[in-house]
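The values are calculated or read from the model by the stated rules, or taken from the named source; none is laboratory data. The structure presented is a predicted model; accordingly, all values stated were derived computationally and were not measured. As a convention, Cβ positions derive from the backbone with ideal geometry for all residues, glycine included, and neighbour counts pool all protein chains shown.
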Amino acid sequence: MLIEKTLFGIENKVETAIERLKYFEPPEGYYLAFSGGKDSITIKDLARRAGVGFETVHNLTTIDPPELIRYMRDHHLDVIIDRPAKPFLQRLPEIGFPQRHRRWCCGEYKERGGSGRYVVTGVRWAESVNRRNRKSFETCYKDRTKKYVNPIIDWTDDDVWQYIHENDLPYCELYDQGWKRIGCLFCPMAGKMRLVQAERYPKYVKAYLRAFEKLYATGRESMKRWKDHEEMFWWWLKDDRKRVEPDQLMIFE
């Protein structure tokens, strides 16, 4: 619930989030990281209500669901689109396919930008075990000039949806079709959802297969375990949660 009774009285999470944004506001305004998902549309609206200065930036990954891109075009034309130097599927043959323990794509595509700025994110404790130690204000460990402000750090999923519905905020249609999180297609963190995506987006499967074909053609020793690029792709898509053997790490060398 957005309004809760605590030992210290009534807590209004919306007011707390707005106060956090006001308190840490830098003179030049915020860099608001916007993915188009439920958390980022919430922090964007909170920043508007707080009256703080900010620019909203979307890091284009080039492998987002088409429904998400369409939603952003329909409802968030003010968002600045930061395009990468190369599309993801051009980088994959050069670096190797990402895995749960080696997600090179996040740093290169999703987390770039914001150096020297105060970056507003929708990071929340409820999202994962790894995020339970995050704070409402923190310094990026990879770039010490980048500061993170996480105004909804203590919100639950229900809190986010309550805020969205109470304020009539439009959101991507994929949520109403059973998607819990929206991000890059075939992300290693998506689990079984990747197979659902493969069935829904056959054109993206073909595009990935072309990238895997180029990767396989490099002839790296670690890829000889698969008979061809198609077997390698479907192994990656279906079995990435299984134990990774040492020789598979050579793909990234």
Query raised in the report: Among THR139, THR121, THR145, which is without any contact (Cβ under 8 Å) to a residue 12 or more places away in the chain and touching a Ser or Thr at 6+ places or on another chain (Cβ under 9 Å)?
Result: THR139
Query raised in the report: On the given criteria, is LEU77 of a type in the set (A, V, I, L, M, F, W, C) and either in contact (Cβ under 8 Å) with a residue 12 or more places away in the chain or more than 27 Å from ILE18 (Cα to Cα) (or both)?
Result: no
Query raised in the report: Considering PRO66, PRO27, which residue is assigned by TED's automatic domain parsing to the domain that holds CYS106, of a type outside the set (Lys, Arg) and closer than 26 Å to GLU108 by Cβ?
Result: PRO66
Query raised in the report: Which residues, taken from the stretch 1-17, are β-branched (Val, Ile, Thr), out of contact with any strand residue (DSSP E or B) (no Cβ under 9 Å at 6 or more places or on another chain) and at pLDDT 95 or above?
Result: THR16
Query raised in the report: Quick check: anything in the stretch 155-168 surrounded by 19 or more Cβ atoms within 10 Å (Cβ to Cβ), hydrophobic (A, V, I, L, M, F, W, C), assigned to a loop (DSSP other than H, G, I, E, B) and modelled with pLDDT of 95 or more?
Result: yes
Requested in this report: Being among the hydrophobic types (A, V, I, L, M, F, W, C) and under 23 Å from MET232 (Cα atoms) is the filter here, so list the residues in the stretch 49-103 that pass it.
Outcome: ILE63, PHE88, LEU89, LEU92, ILE95, PHE97
Requested in this report: Could you list all residues from the stretch 17-49 that are free of Cβ contacts under 8 Å to residues at least 40 places away in the same chain and of a type in the set (Gly, Ala, Ser)?
Outcome: GLY29
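Residues are listed down the side, and each one gets a yes or a no for (1) at pLDDT 95 or above; (2) part of a helix (DSSP H, G or I); (3) more than 22 Å from SER128 (Cβ to Cβ); (4) not assigned by TED's automatic domain parsing to the domain that holds GLY96:
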| position | (1), (2), (3), (4) |
| --- | --- |
| GLU199 | yes, yes, yes, yes |
| VAL205 | yes, yes, yes, yes |
| TRP226 | yes, no, yes, yes |
| PHE233 | yes, yes, yes, yes |
| ARG241 | no, no, no, yes |
| VAL244 | no, no, no, yes |
Query raised in the report: Out of the stretch 96-114, which residues are more than 12 Å from the chain's Cα centre (by Cα), among the hydrophobic types (A, V, I, L, M, F, W, C) and crowded, with 18+ Cβ neighbours inside 10 Å?
Result: PHE97
Requested in this report: Determine if the stretch 84-91 includes at least one residue that is surrounded by 14 or more Cβ atoms within 10 Å (Cβ to Cβ), touching a residue at least 40 places away in the same chain (Cβ under 8 Å) and not acidic (Asp, Glu).
Outcome: yes
Requested in this report: Considering (1) closer than 27 Å to LYS135 by Cα; (2) among the hydroxyl-bearing types (Ser, Thr, Tyr); (3) buried (at least 16 other Cβ atoms within 10 Å of the Cβ), say which one TYR71 fails and leave the rest.
Outcome: (1)
Query - Pairs with Cβ under 9 Å, 6+ apart, first in the stretch 203-218 and under 14 Å from TRP235 (Cβ atoms), second of a type in the set (A, V, I, L, M) and not in a helix (DSSP H, G or I) - result: TYR208/ILE63; TYR208/LEU185
Report task. Test VAL52 against the stated conditions and say whether it is under 26 Å from ASP176 (Cβ atoms), in contact (Cβ under 8 Å) with a residue 24 or more places away in the chain and not acidic (Asp, Glu). Result -> no
**Report entry** Given (1) more than 18 Å from VAL123 (Cβ to Cβ); (2) in contact with a helix residue (DSSP H, G or I) (Cβ under 9 Å, 6 or more places away or on another chain), index of the condition ALA47 fails
**Finding:** (1)
